[in-house]
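The next block holds one structure in the form of structure tokens; read it before the comments.
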Amino acid sequence: MRRVLLIGASTAIGRAIAARFAAAGDRVVGYSLEPADEPSLLADLTGDCATAEGAATAVAEARRRLGGLEVLVAAAGAMPIAPAHRTTDEQWRAAFAGTLDTLFFPLRAALPSLPPGGSVVAVSSVNAFLAAPWVAAYASAKGAVEALVRQVALDYAGQGIRINAVAPGLVGGERLPDAAGGYPIGRTLHPEEVAEAVYFLASTAASGITGTVLPVDGGLSIASPATFARADLRQRLADLRPTAAPEKSAGADPAVLDRVTVVR
């Protein structure tokens with residue numbers, strides 16, 4: 001049984017993370033700007049971890065209610081939508097406050113009391129390393145999250161504390177047209193899939209892993225954009241997908257095998 005503080009418990013990913021740890025017998029205190037209404041939480045607390053005072057309160061309250069702390073999960077974030085020249089000062093600061101500060105301040109407060117074997121997992125995003133339109137502030141903040149994870153992982157490895165991150169692709173895109181475009185698995189992600197990766201990185205099964213950002217993106221980050229932008233490359237993938245009544249394979253068309261394609 002581990003004692004877990006979950007920042008950003010009110011998000012879909014946060015609720016899934018709480019449920020995953022609780023299912024393993026861990027005790028989880030959630031801390032968010034608004035109630036998470038997640039029954040698996042031992043305590044569902046509200047406050048602002050983007051401030052040093054709010055983060056210190058969250059860590060102290062979690063330790064009081066749990067009797068200690070072994071795991072910190074930072075799953076909060078803020079995504080203003082605007083191109084860089086239209087991004088306001090308030091939007092820029094909100095992205096960094098809601099995304100980076102909600103990791104740094106709780107991390108700073110928790111580190112002195114985390115024991116050897118303690119673990120920190122941050123929820124980053126593929127936007128930290130894959131550019132998308134109009135998310136300059138969010139992408140910059142997520143990139144900073146990953147840089148912080150690597151730095152703190154190095155600094156505290158000697159104390160037996162591991163710090164990692166997950167980088168989800170789009171979660172819950174079922175209602176968006178063409179949301180699965182670019183995803184080799186043919187769909188976007190479910191919150192439970194992200195939660196499973198977070199749980200793994202916090203567990204002893206990942207005891208040799210620190211300073212790592214694990215993509216949970218259905219293969220999005222491994223595919224060339226041309227794979228889904230070009231009809232001929234999309235067709236190649238489609239030809240490999242199983243059909244409702246698969247026929248016995250006759251092998252590849254020799255004419256296709258003989259053709260050499262140069263992709264630039």
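The values are calculated or read from the model by the stated rules, or taken from the named source; none is laboratory data. In this text the structure is predicted, and so the values were computed from the model without any measurement. Ideal geometry is used to build each Cβ from the backbone, glycine not excepted, and the neighbour counts take in all protein chains shown. Only protein heavy atoms, including side chains, enter the accessible area calculation; ligands, DNA and RNA are left aside. Shrake-Rupley method; radii C 1.70, N 1.55, O 1.52, S 1.80 Å.
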Using only the alpha carbon atoms of the stretch 76-225, find the Kirkwood hydrodynamic radius as the inverse mean reciprocal pair distance, in angstroms to one decimal.
16.2 Å
Taking Rh as the Kirkwood radius computed over alpha-carbon pairs of the stretch 122-163 and applying Stokes-Einstein at 4 °C with viscosity 1.567 mPa s, one gets a diffusion coefficient in µm² s⁻¹ of 117 µm²/s
Leaving out ligands and nucleic acids, note down the accessible area per residue over the stretch 1-99 with a 1.4 angstrom probe, in whole Å².
45 Å²
State the percentage of accessible surface on the chain attributable to carbon and sulfur atoms; use a 1.4 Å probe and exclude ligands, DNA and RNA.
57 percent
Divide the volume of the convex hull of the Cα atoms of the stretch 14-156 by its number of residues and quote the answer in cubic angstrom per residue.
115 Å³
Within the stretch 175-196, which residues have the backbone N less than 17 Å from the label spot 7 Å out from Leu240 along Cα→beta-carbon, could you tell me?
181-187
If you put +1 on each Lys and Arg Cβ and -1 on each Asp and Glu Cβ, how big is the dipole of the chain around its Cα centre, in Debye rounded to 20?
380 debye
Angle in degrees between helix 52-66 and the longest Cα principal axis of the chain, rounded to the nearest 10
80 degrees
MRE, 222 nm, helices only [DSSP H, n ≥ 4, -39500 (n - 2.57), over the chain, to nearest 500]
-11000 deg cm²/dmol
Cα gyration tensor of the stretch 172-228, axes a ≥ b ≥ c as square roots of the eigenvalues: rounded (a/c below 1.5), prolate (a/b > b/c) or oblate?
oblate
Taking the Cα of Ala131, stepping 7 Å toward and past its beta carbon, and measuring to each backbone N in the stretch 207-221: which are under 18 Å?
221
Can you give the extra length, in nm with one decimal, that the chain gains between Glu192 and Ala43 once fully stretched, where that is 0.36 nm per residue apart less the Cα-Cα distance?
51.6 nm
Quarter of Cα convex hull surface for the chain, i.e. mean projection, nm²
17.8 nm²
What FRET efficiency would be calculated for the residue pair Ala229, Phe200, taking the C-beta separation as r and a Förster radius of 30 Å, to the nearest 0.05?
0.35
